[in-house]
Amino acid sequence: MDFSRRELLGLVAVSALAGCSSGDDGDSGDGPTETTGTPPATADGSAGTSLAGSCASNFGDTLQPYDVGDRGMVAAFGYPMGGEVTSEQDEDDSHVTGFGYGRGDVSPLHTMTVSETGPTGEPADATEAYSFDDRFESGTVTTYDGRERPVAIRRADESVTYIVHVERSDGVYVFSVQTSAGEGEPCPDVYESVTRRVTGSFEPVA
């Protein structure tokens, strides 16, 4: 499988946005193996109004639709309205979009990278694809056509990553969302919430 290639794409996009800081691991309170999806991209966030000056306030409480334009992507998604698009990278079978949240001295306080790769020959179950890697945990998320799908989750000191696979007529597509620390201190609980919400917002391009 091409795990190294996909991870490299994500790391390239994140590195281009900002360096990482260190911090403690966090958890959303949903437990390490069960994850719940969210409504479409224009829905309000489940956390309610974010306190001014908090990590969550950089992201905001509402997702706004990302305009895929003519990039050739098969899925649309929503991103927290507090951010700005910082990079768009397209290849024949992959599309990586970077976002920045908050402003540090030279780069964003926090970053988010959303990627789409496919079609691939990978299994339709993302947790099967990453079962060999003990850095990943298994869960579920409701996304893409409103279906509950397996999701591979990686929680690190400075980031949270969700990966979900979707089987289409031409093959399996891999969608991933990673929220990370930039110049700001990591806030894993917020990263968990943001990453889950964006992953839940994937839907077929009309």
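Once the chain from ASP157 to ALA124 is taken as fully extended at 0.36 nm per residue, the excess over their C-alpha distance is 9.0 nm. Compared with the direct C-alpha span, the chain from THR62 to GLU84 gains 6.5 nm at full extension, assuming 0.36 nm per residue. With each label modelled as a point 7 angstrom along the Cα→C-beta vector, the ASP70-ASP92 pair spans 2.1 nm.
Using θ = phi - 60° in the Karplus curve 6.51 cos²θ - 1.76 cosθ + 1.60, the 3J(HN,Hα) couplings for the stretch 159-165 round to 7, 10, 10, 10, 10, 10, 10 Hz; x is entered for Gly and Pro.
Read the figures in this text as sums done on the coordinates, not as results from a lab. Not measured: the values here are computed from a predicted model. We place every Cβ from the backbone using ideal geometry, glycine too, and count neighbours over all the protein chains shown.
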